[in-house]
Structure formats: structure tokens, C-alpha cells
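The values are calculated or read from the model by the stated rules, or taken from the named source; none is laboratory data. Here the structure is a predicted model, which is why all the values come from computation and not from measurement. As a convention, Cβ positions derive from the backbone with ideal geometry for all residues, glycine included, and neighbour counts pool all protein chains shown.
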Amino acid sequence: MRYSQLLLAFALAIASTLPPAEAHKTDDPWTTEFGNLPDLAFSGFTTFAHLPGRKCLDHPDSALDIAVLGVPFDSAVSFRPGARFGPYGLRSGSRRQRHERAWGQPLQINPYDSGLDVIDCGDIPVTPFDPATAIRQINAAYRSMLARPVLNSAKMDDLGMQRGLDGEFHPRVVALGGDHTIVLPILDALHSVYGPVSVLHFDAHIDTWNPKRYSGSVSLQSELNHGTFFWHAYENGFIKGNSSIHAGIRTRFSGPEDLDDDITAGFDLIHTFDIDDHGVDWIADKIKARIGSNPVVISLDVDVMDPSYVPATGTPESGGWTSRELRRIIHSLVGLNIVGVDVVELAPAYDTNAEISAIAAADMIFDFMSLLALGVDRKGGSGSASEIDSGRGGETEQEVLGRTVDEL
Ligand SMILES: [Mn+2]
């Protein structure tokens, strides 16, 4: 008899001697008086939003709809380190989100009780000593998540969610960074399922910097970092041409050539000051017109918010959006064809004792979850695309509108 069979036989023998579970429960002092109480905001295991937790990477056959996945990697940052603790910070900041009380008035939905199963899959145990291997680990883990069957394909169909090039639904992963470099292996994985995707990038920085001109680039390894990963994604064909957009940009550049490279990489740009000149609705309309019905990855660097709201980040820039402004923009994006979400660059060591950054960042994830739960507007875009001129050349918004992955 094999060792595993011996263990199983032993376990069965022990189980047969125990009383039935129900009989055991009736006289249990906790169960009798307080049984089945849900956890409170401050009690319980700290999963994201008190979601059920499972180390999914150890269960490659388990089905998933929406998975929260921590990516504690920060070995490629240019200024303050510490985003490896981002997943921990985001989970802590999410403690007041509970499925029993998660119905949001602006979007009229509870994303944790909407017919799609949402679980916290724990973290990818990325090595902190070898960035190249860490990038491969992130890619392998993300591909592992995408390769699983979904639990509620009828619901996904009902919501109009994007199918992969294989005609099947694939899980949606909400990645908790980590520094922004993690998005390169994520885009690589998503590209293998959907083909080239659009990117909606909330950030103070463009992150499309040409690695040949990026400070500190002294080797092949160093050319991949949290300021250059979108350039690599463009060069590898992971991003669909002329159909991505930044929102909230306000950093300094080497010169105008950085912005030329940015256009080459496929991005339009909304400056942080556009909110004063044009308002929230204009920004949301411009985003929807640019993305249309393309499969889109939403990548949020928490430094898009002003450092007075989110001090806990690696490269803070003054003059950012308030958390209220950003949430209103996100609320206006219902209907996007979202295939992946990440929230990155939260470095809790620079937060206040009140965890203001972590709470704001976790609330953005709540809003993204709500967008996922509300599904895709199959008409594509806002319908106001023709009124918006990107002014950056390339494909017009009308050309981008209405496309599906089949046409790529
Ligand atoms: Mn940034």
C-alpha cells in the first residue's frame, strides 16, 4: 500500500469514531448563543474586503470568476522602495468593505454579491533577490489564474464580458501591487488570452519612457523598471496601437521627445489640470471614446491622487486629483470591457497612522469591482466620441470605437 493510501485509510478510521458534526455543535457555548455571526470590520483574517481566502496558486484546477491576487514586488523602483507591502496595505485598507454591507449608492450595486464569485487568492511569493526571475514568476502566476475555468459563465455572458481568443471566458484578476513593473508580465499574460489590449492608465507618470534614456539604465536588466515597462509592452506588441490613454499625468520630462515616444507607444494623455479646465464628465467621455469596446486593462498607480490624500507612494507628485475626483471619474466609466485591473505603488511605510492612503486605494478597488459587476456596454464607448479631439494624432476615436477582439 502506498504511503498516501495508508494516510487516507488512517484518516477514514479516525473520522468514523467521531460523533456527527451537528450533534457536536448543539452544546457548543459559542455556537449555541452566537453561531454564524459574520466578521466585523476589525475582526477576522485579513483578506481583501473579508472575502473568502484561498492560496489559489497551490490549487491550479480551482475555478474562479474574479480573483484578488497580491504581487509583493518592488525591486525595480526609482525612488522610495516599499511597495512590496502594498498587498498588505490594501487588504488592511479594505477592512471596512464587507459583502454584508457593500452596496454603493453611486453605482447601485454590491460587487461582492452580484452573481460573480470573488475571492482573495493570496500573494505570489516573488523573489526579492532576482528581478528577472520575479518577472517570470508573476507571468506564470497570472497565466495560471487566466487558464482556469470560470464558475459563472452564464452570468459573464449576461454581462457581455469579453471572451478569450479561444472563445472561452477567463477569470478576471485584480492585482494588488507591488511596483508598477508588475504590469509588463501581466500584459504579457493577458495578451496571450485576448491579443493586444487597450490600457487605461491612471498615474502621475507616463511610464512609457524609452529605457535607453532612463536614468539608471546601465544594463539590460536595469532597462526594465517601473518607468519603462509600458515601452517594453509596446515593443512586445502587448498593447493595441493608438487605443490607450493616461489620466492624471503631471510629472516632468526629459523634453518633448518623451511625449513623442509616448504617442508611439499608443497612448493619448489627460493632464491632471484638465479636471479644472474641463471637469469630470469631459475626462470620462474622453477615456470612453479612446477605449471604445476594446478589451481594456485598468492600471492605477495610487500616485495619481494628490500626496495630501495618498502620501504612501514611491514617487509622489504635487497637484494630483483628490480621492473624490478620482472616484467620480471611475464611476463614470460603467460599460468598459475590462479584462484586468491592477492597483500599484502603494508603499504603506509612508502612510499616516490613519492609513489614509491605504483606505483611498482600497476604495478604488471597490469601485473597479463594481464596474466589473455591472458588465460591458456592448454598444461600446460613450457615444460622444466624435465630439472629442485627442489632438495627438494616430487613429481617430471613431475608428477605435466598436471594435471587438475578433477584428484585431
Ligand atoms: Mn507613477
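Overview of results
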item: Single unsatisfied condition, Gly237 versus (1) surrounded by 24 or more Cβ atoms within 10 Å (Cβ to Cβ); (2) at positive phi; result: (1)
item: Single residue of Pro295, Pro316 found to be within 16 Å of the ligand (Cβ to nearest atom) and either of a type outside the set (Ser, Thr, Tyr) or modelled with pLDDT of 95 or more (or both); result: Pro316
item: Conditions (1) of a type in the set (Asp, Glu); (2) over 21 Å from Leu346 (Cβ atoms); (3) outside any loop (DSSP other than H, G, I, E, B); number of the one not met by Asp113; result: (3)
item: Residue list for the stretch 224-236, restricted to those being within 15 Å of the ligand (Cβ to nearest atom) and out of contact with any Ser or Thr (no Cβ under 7 Å at 6 or more places or on another chain); result: Thr228
item: Conditions (1) within 16 Å of the ligand (Cβ to nearest atom); (2) out of contact with any Leu (no Cβ under 7 Å at 6 or more places or on another chain): number failed by Ala175; result: (2)
item: Matching residues, the stretch 128-166, being part of a helix (DSSP H, G or I) and of a type in the set (D, E, K, R); result: Arg136, Arg143, Lys155, Asp157, Asp158
item: From the options Ile206, Ile239, Ile249, residue that is more than 16 Å from the ligand (Cβ to nearest atom), within 16 Å of His180 (Cβ to Cβ) and under 20 Å from the mean Cα position of the chain (by Cα); result: Ile239
item: Boolean, Val118 is more than 21 Å from Gly314 (Cα to Cα), in the same structural domain as His170 (by TED's automatic domain parsing), β-branched (Val, Ile, Thr) and crowded, with 24+ Cβ neighbours inside 10 Å; result: no
item: Residues of the stretch 216-249 satisfying the condition of being part of a loop (DSSP other than H, G, I, E, B) and of a type outside the set (S, T, N, Q); result: Gly216, Val218, Leu220, Leu224, His226, Gly227, Gly237, Phe238, Lys240, Gly241
